[in-house]
1. What per residue convex hull volume, in Å³, comes out for segment 55-175 when only alpha-carbon positions are used?
2. Can you give the extra length, in nm with one decimal, that the chain gains between residue 51 and residue 165 once fully stretched, where that is 0.36 nm per residue apart less the Cα-Cα distance?
3. Using R₀ = 22 Å, calculate the FRET efficiency as 1/(1 + (r/R₀)^6) where r is the Cβ-Cβ separation of residue 145 and residue 17; round to 0.05.
Amino acid sequence: MSDAAIKTSASTQWWVQVRGQAYGPYSIEQLGRFVEEGRIRPATLVSNSPENGWTEARRVTALMAPLRAGEPANDAIEAANVFVHAEIVSGSWNAFMAALESMGGICELSPGLWLVRTRYSAGIIRNTLSQTLERGDRFVVIDATRDRFAWFNLGPEVDVRISKVWNGPLRGEAR
């Protein structure tokens, strides 16, 4: 695919490449939702014909506006204090740290625990950081300002336990 902007029709099917693996097909509307969720970033590789090559999402005309909208403006989104705790066992440390530092001002509180001052949501932070990691790496993002929680690679049993506790009743309170 060329570096020129790629026009698309509503009927075109799209694929997304993550760590060399192709996922799809998706509609352009689904890709737009992935942008809103932070799952597709400007440099994410997409294709409407994987056998003919891949291009960055920022080059797809239909995704240009959603990608611009996904970048927080100075006053558009309330600044938040977010905690990130990570256990990185692969060689992905440098990529993870570069992505984390791109999210805002950071302060390391202890090994593997950071405070981040950012305008990004916990979900966007999770999706951005998860793209830098490998199998066995895991982390949590806790948005102390907006009361949000996101995590990566903790496992299905932990997902269930989190769902029961996060915003659940306190001990001794009726449900």
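Every number in this text was worked out from the coordinates using simple rules, so none of it is lab data. In this text the structure is predicted, and so the values were computed from the model without any measurement. Here the Cβ positions follow ideal geometry from the backbone for every residue, glycine too, while neighbour counts run over all protein chains shown.
1. On the way: hull volume 19.3 nm³, N = 121.
It is 159 Å³ per residue.
2. Once the chain is fully extended between residue 51 and residue 165, it gains 36.5 nm.
3. Working: r = 33 Å, r/R0 = 1.52.
My answer for the efficiency is 0.05.
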